[in-house]
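Reading through the structure tokens given below for one structure.
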């Protein structure tokens, strides 16, 4: 799994229904499967969710797991990822805020509310004011990245960033909170508002093939927000 990001500082549902935009470039919310669909019962005593003031950027990941799955098995796979992160790694919850399978189904990940700026555990040093979106699979060089997956990532990023009127094609200054990131703690870095995990942490995640798709994902997300 490529969610190296603990930072202690600090079946589809119905079709998309958009509320009246709060900002001029607010994209519709895509269908998001709630975590109750993959985590039937959580026996862990989980502390309350932590929140930031807004989501100013999203980081894209891959889960470094097999690609040849049936999409009906996605809940089971996510449950496995959750078990790994809360078990051996002793995290309080799954680190990613959202997960997207190869059929383009979006799943709620970390608890706290999909429409709220939940502090995740996905990008060491840059968990604050960001959301982590993980693509189910391994997308190293030469691996095909499903169009349904990238379209769903773009729709999710467009909606999530639109809540703070953020252009997914732009950049943002974020301050590292952990020296294990690419930047020493306290350093302010200029990062893409729709970034790959490797932009903030020394890793090959989200994989070369998915990283190559990020410019197109940014452009599609911008168009979904109504930007020119």
| Close pairs (8 angstrom Cβ cut-off, 6 or more residues apart or separate chains): on the phi < 0 side of the Ramachandran plot in region 186-197, modelled with pLDDT under 95 anywhere | 197/2
| message | Where the second residue is modelled with pLDDT of 95 or more and part of a loop (DSSP other than H, G, I, E, B) and the first is at positive phi and surrounded by 22 or more Cβ atoms within 10 Å (Cβ to Cβ) and lies in region 129-154, which pairs have Cβ atoms under 6 Å and are six or more apart or on separate chains? | response | 137/67
| task | Would you be able to tell me the number of residues in region 86-107 that are more than 15 Å from the chain's Cα centre (by Cα) and either modelled with pLDDT of 95 or more or in a loop (DSSP other than H, G, I, E, B) (or both)? | result | 7
| note | Across region 22-37, the tally of residues that are assigned to a loop (DSSP other than H, G, I, E, B) and in contact with a helix residue (DSSP H, G or I) (Cβ under 7 Å, 6 or more places away or on another chain) stands at 7
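Here's the yes/no breakdown for (1) loosely packed, with under 13 Cβ neighbours inside 10 Å; (2) modelled with pLDDT of 95 or more; (3) under 23 Å from residue 158 (Cα atoms):
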residue: 3; (1), (2), (3): no, no, yes
residue: 7; (1), (2), (3): no, no, no
residue: 11; (1), (2), (3): yes, no, yes
residue: 16; (1), (2), (3): no, no, yes
residue: 20; (1), (2), (3): yes, no, yes
residue: 36; (1), (2), (3): yes, no, no
residue: 41; (1), (2), (3): yes, no, no
residue: 53; (1), (2), (3): yes, yes, yes
| request: Answer yes if at least one residue in region 188-196 is in a loop (DSSP other than H, G, I, E, B), touching a strand residue (DSSP E or B) at 6+ places or on another chain (Cβ under 7 Å) and more than 27 Å from residue 29 (Cβ to Cβ), and no otherwise. | output: no
| query | Of all residues in region 56-91, which are closer than 20 Å to residue 210 by Cβ and touching a strand residue (DSSP E or B) at 6+ places or on another chain (Cβ under 6 Å)? | reply | 57, 58, 59, 60, 61, 62, 63, 78
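The values are calculated or read from the model by the stated rules, or taken from the named source; none is laboratory data. Quick caveat, the model's predicted, so the values are computed rather than measured. Cβ sites come from the backbone with ideal geometry, for glycine too, and all protein chains shown count toward neighbours.
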